[in-house]
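Reading through the structure tokens given below for one structure.
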Amino acid sequence: MKEQAGVTLDDVRRVAELANLELTAEEEPSMQRDLNAILGHIGQLNELDTVGVPAMAQVGEMLGNAIPQRGEAFRMDQVRPSLDRTEIMSTAPESDGRFFKVPKVIER
Amino acid sequence: MSAKAVDLRNLTIDAAREAVASGAKTATALAEQHYDRIASQDGKINSFLALSRERAMVQAQKIDEMAAKGDELQPLAGVPFGIKDVLAMRGAPATAGSLILKGYRPPYDASVVAKLEAAGAVLLGKLNCDEFAMGSSNENSAYGPVLNPRALDRVPGGSSGGSAAAVAADFAVATLGTDTGGSIRQPAAFCGVVGILPTYGRVSRYGLIAFASSLDRVGPLAKTVKDAATVLQVIAGKDIMDATSSERPVDAYVSALTEPVEGIRVGVPEEYFGEGLDPEIRSAINGAIAGLKLAGCVVKPVSLPHTKYAIPTYYVIATAEASSNLSRFDGVRFGLRAEEAKTLSAMFRKTRDEGFGPEVKRRILLGTYALSAGYYDAYYRKAQQVRTLLTRDFLEAFAAVDVLIAPVTPTPAFKLGEKTDDPVQMYLEDIYSVAASLAGICGVSVPCGQTKEGLPIGVQIMAKHFDESTMLRVAQAVETQQKV
């Protein structure tokens with residue numbers, strides 16, 4: 001298995017923290033192994049010289065679909081019916097009907 | 001009420017609608033017959049995650065009343081459908097195959113769901129899939145794998161495995177799936193049905209639980225090319241609720257199917273026929289190519305030189321976008337919340353740890369890594385540049401030919417558990433499908449034979465952006481050839 005990308009266990013923990021994921025002690029080494037295998041495969045991209053090649057975020061740009069740059073409107077700013085608030089709130093794990101409720105934010 | 005059973009095998013949209021319109025069968029009875037079949041046979045296939053019987057019956061009764069009055073019926077009147085569980089159906093569960101959305105019932109309909117129903121479709125329920133549409137075998141569903149109705153020891157493909165299996169098992173006349181890197185085309189090929197990847201922007205995604213927003217598309221799976229075209233006709237078009245949907249007028253896909261394919265230029269991309277392609281698939285596709293020549297198509301070799309870079313490019317871009325899109329699942333607004341957490345940040349982490357399966361975690365970690373400080377240029381920006389090269393390959397090819405013909409998958413449906421231990425092997429399963437996803441072009445998988453063991457083989461027809469009409473005409477020519 002290719003290991004040239006060299007993701008360490010510390011890297012796995014750091015990235016998990018960035019992603020708000022909590023990995024178990026068993027998950028960490030298997031994720032490290034998988035990330036190294038996948039990144040090893042992805043390393044093939046370095047065979048290509050991409051100097052001067054524009055980056056493509058989505059296909060619309062290549063098809064010449066202009067994206068408004070100077071504040072033109074995508075659509076008219078009109079009031080339209082929207083979803084009912086109580087229905088939205090009722091799908092939440094915890095709500096007082098007006099707001100989402102969460103555990104304590106300030107940790108000390 | 002007519003109780004006479006119709007043969008659900010090979011029941012097409014036209015036949016179902018005609019049966020309802022002529023009074024030979026009520027929409028209510030047709031829906032019941034499908035529900036009976038699901039009840040007796042889906043226990044082993046596991047394609048449906050939830051049934052929306054009440055809603056289906058209200059709709060069927062409405063259609064029956066219209067038919068009884070002699071009103072003109074809509075294009076999908078009374079036709080039973082299934083919906084992949086990543087699309088919102090008001091009041092029905094929407095799990096995306098994940099525990100993290102267990103219990104969530106969206107209070108609105110996806111635009112495609114509303115369009116199907118407005119066209120008369122009877123929506124039977126929600127279909128199993130890989131968790132957040134991440135997978136090529138449907139083994140990543142938190143609610144158990146789907147089995148391939150054509151061979152029960154095999155996977156149905158993924159991520160729209162339930163959508164393909166439900167059509168193949170005649171649990172629904174047609175279904176909706178989604179395709180980010182092959183998730184409609186690959187299961188269609190594995191299950192022996194037709195599956196369309198529409199051009200990026202052709203079909204609204206409002207109400208789709210997002211995986212990778214620059215790639216995700218919604219499309220139909222059906223028993224015939226004409227059925228798939230009929231569904232596409234209904235769901236395509238601009239939607240004010242999706243800013244990425246295109247203003248371009250929608251072609252008349254169904255009537256285009258009557259035009260001959262004579263003179264259509266068909267490109268054979270050499271990179272799609274290299275080592276690793278199963279010999280039986282190769283020979284079936286060569287047969288399809290020979291058939292197109294006989295029908296008057298002009299076949300010529302073309303090259304898509306960056307093809308081998310499509311998989312690494314896709315797995316950077318798709319995971320980077322997924323890591324961002326899936327940050328919304330945090331236990332605050334919908335679905336699961338971990339019970340015991342005392343602080344907000346602990347609640348986020350515990351909820352996501354309990355709620356996400358291993359493949360989803362793997363992709364979130366990979367995407368987060370590729371976007372993190374110090375690696376962004378090496379991975380994400382590099383992949384975006386190669387995406388440009390891959391797209392240019394297609395644009396250059398389509399200057400010389402009208403459509404491309406290629407395999408959908410390197411192998412026929414594999415066995416359950418065969419590839420679950422090695423993520424890279426599983427990702428390589430998408431080798432012939434991801435390039436079209438990255439380039440935003442349209443593609444379709446059409447059955448073109450079977451292996452000696454009886455496993456279905458699919459062939460992929462791809463066309464340039466918004467040229468679904470030409471693509472579907474060629475697909476239908478392949479289909480017609482199979483029936484000869």
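With respect to the stated conditions, B:Tyr314 is buried (at least 21 other Cβ atoms within 10 Å of the Cβ), closer than 30 Å to B:Leu395 by Cβ, of a type outside the set (S, T, N, Q) and more than 7 Å from chain A (Cβ to nearest Cβ).
For every residue, the table says whether it meets (1) closer than 23 Å to A:Gln58 by Cβ; (2) more than 16 Å from the chain's Cα centre (by Cα).
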| position | (1), (2) |
| --- | --- |
| B:Pro410 | no, yes |
| B:Val424 | no, yes |
| B:Tyr432 | yes, no |
| B:Val459 | no, no |
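Within the stretch B:320-329, being of a type outside the set (S, T, N, Q) and surrounded by fewer than 21 Cβ atoms within 10 Å (Cβ to Cβ) holds for one residue alone: B:Arg328. Scanning the stretch B:422-434 for any residue that is away from chain A (no Cβ under 13 Å), over 25 Å from B:Gln482 (Cβ atoms) and modelled with pLDDT under 95 turns up nothing.
Does B:Gly182 meet the test of being surrounded by 24 or more Cβ atoms within 10 Å (Cβ to Cβ) and outside any loop (DSSP other than H, G, I, E, B)? The answer is no for B:Gly182. Tell me which residues, restricted to the stretch A:26-81, are among the charged types (D, E, K, R), over 27 Å from B:Thr199 (Cα atoms) and assigned to a helix (DSSP H, G or I). Matches in the stretch A:26-81: A:Glu27, A:Glu28, A:Arg33, A:Asp34, A:Glu47. Name every residue in the stretch B:206-232 that is over 28 Å from B:Asp14 (Cβ atoms) and more than 13 Å from the chain's Cα centre (by Cα), in order of residue number. Passing the criteria: B:Tyr206, B:Ile209, B:Ala210, B:Phe211, B:Ala212, B:Ser213, B:Ser214. When the stretch B:457-479 is limited to residues that are of a type in the set (D, E, K, R) and closer than 21 Å to B:Lys238 by Cα, the one that is surrounded by the most Cβ atoms within 10 Å (Cβ to Cβ) turns out to be B:Glu468. If you filter the stretch A:9-25 down to residues that are of a type in the set (A, V, I, L, M) and more than 8 Å from chain B (Cβ to nearest Cβ), you find that the one that is farthest from B:Ile364 (Cα to Cα) is A:Ala25. Looking across the stretch B:195-254 at every residue that is part of a loop (DSSP other than H, G, I, E, B) and among the acidic types (Asp, Glu), the one that is surrounded by the most Cβ atoms within 10 Å (Cβ to Cβ) is identified as B:Asp216. Annotation for the stretch B:130-141: at least one member residue is in contact with a Cys (Cβ under 8 Å, 6 or more places away or on another chain) and at negative phi. Can you work out which of the residues in the stretch B:382-418 that are buried (at least 20 other Cβ atoms within 10 Å of the Cβ) and of a type in the set (Lys, Arg) is farthest from B:Lys293 (Cα to Cα)? Looking at the filtered set, the residue picked out is B:Lys382.
Number of residues in the stretch B:419-451 that are in a loop (DSSP other than H, G, I, E, B), out of contact with any Phe, Trp or Tyr (no Cβ under 6 Å at 6 or more places or on another chain) and touching a residue at least 40 places away in the same chain (Cβ under 8 Å): the value is 7.
Every condition in (1) within 14 Å of chain A (Cβ to nearest Cβ); (2) more than 22 Å from B:Gly120 (Cβ to Cβ); (3) not aliphatic (A, V, I, L, M) is met by B:Pro187 except one, and the failing one is (1). Scanning the stretch B:259-271 for residues that are surrounded by fewer than 20 Cβ atoms within 10 Å (Cβ to Cβ) and either in contact with a helix residue (DSSP H, G or I) (Cβ under 9 Å, 6 or more places away or on another chain) or in a helix (DSSP H, G or I) (or both) returns B:Glu259, B:Pro260, B:Arg265, B:Val268, B:Glu270, B:Glu271.
The number of residues in the stretch B:286-317 being among the hydrophobic types (A, V, I, L, M, F, W, C) and either without any contact (Cβ under 8 Å) to a residue 40 or more places away in the chain or closer than 22 Å to B:Gln482 by Cα (or both) comes to 9. Annotation: B:Thr351 fulfils all but one of (1) outside any helix (DSSP H, G or I); (2) within 16 Å of A:Glu17 (Cβ to Cβ); (3) modelled with pLDDT of 95 or more; the unmet one is (1).
Out of B:Lys300, B:Lys293, one residue alone is of a type in the set (D, E, K, R), outside any helix (DSSP H, G or I) and within 26 Å of B:Val403 (Cα to Cα). It is B:Lys300. Among the residues that make up the stretch B:389-398, is at least one of them modelled with pLDDT of 95 or more and facing chain A (nearest Cβ under 7 Å)? Looking for residues that are modelled with pLDDT of 95 or more and facing chain A (nearest Cβ under 7 Å), one finds at least one in the stretch B:389-398, hence yes. Could you please find all residues in the stretch A:40-59 being more than 7 Å from chain B (Cβ to nearest Cβ) and not acidic (Asp, Glu)? Those that are more than 7 Å from chain B (Cβ to nearest Cβ) and not acidic (Asp, Glu): A:Gly40, A:Gly43, A:Asn46, A:Val51, A:Gly52. Taking the conditions (1) more than 14 Å from chain A (Cβ to nearest Cβ); (2) in contact (Cβ under 8 Å) with a residue 60 or more places away in the chain; (3) more than 21 Å from B:Gly182 (Cβ to Cβ) in turn, B:Ser283 satisfies each one other than (2). Taken together, the criteria place A:Gly6 among residues that are more than 10 Å from every other protein chain (Cβ to nearest Cβ) and at positive phi.
Candidates are the residues of the stretch A:26-39 that are in contact (Cβ under 8 Å) with a residue 12 or more places away in the chain and more than 7 Å from chain B (Cβ to nearest Cβ); the one that is nearest to B:Arg392 (Cα to Cα) is A:Leu39.
Evaluate the following for B:Val332: is it surrounded by 18 or more Cβ atoms within 10 Å (Cβ to Cβ), out of contact with any Pro (no Cβ under 7 Å at 6 or more places or on another chain), farther than 16 Å from B:Val408 by Cα and without any contact (Cβ under 8 Å) to a residue 12 or more places away in the chain? Against the criterion (surrounded by 18 or more Cβ atoms within 10 Å (Cβ to Cβ), out of contact with any Pro (no Cβ under 7 Å at 6 or more places or on another chain), farther than 16 Å from B:Val408 by Cα and without any contact (Cβ under 8 Å) to a residue 12 or more places away in the chain), B:Val332 qualifies. B:Gly374 meets each of the listed conditions (1) touching a Ser or Thr at 6+ places or on another chain (Cβ under 8 Å); (2) more than 7 Å from chain A (Cβ to nearest Cβ) apart from (1). If you go through the stretch A:94-107 and pick out every residue that is charged (D, E, K, R) and within 10 Å of chain B (Cβ to nearest Cβ), you end up with 4.
Residues in the stretch B:331-368 that are within 7 Å of another protein chain (Cβ to nearest Cβ) and within 15 Å of B:Lys102 (Cα to Cα): B:Gly331, B:Val332, B:Arg333, B:Phe334, B:Arg337, B:Arg352, B:Asp353. Across the stretch A:60-93, the qualifying residues are those that are small (Gly, Ala, Ser) and loosely packed, with under 14 Cβ neighbours inside 10 Å, and the one among them that is farthest from the other protein chains (Cβ to nearest Cβ) is A:Gly71.
The values are calculated or read from the model by the stated rules, or taken from the named source; none is laboratory data. Because the structure is predicted, anything quoted here is derived from the model rather than measured. Glycine also receives a Cβ, built like all others from the backbone with ideal geometry; neighbour counts cover every protein chain displayed.
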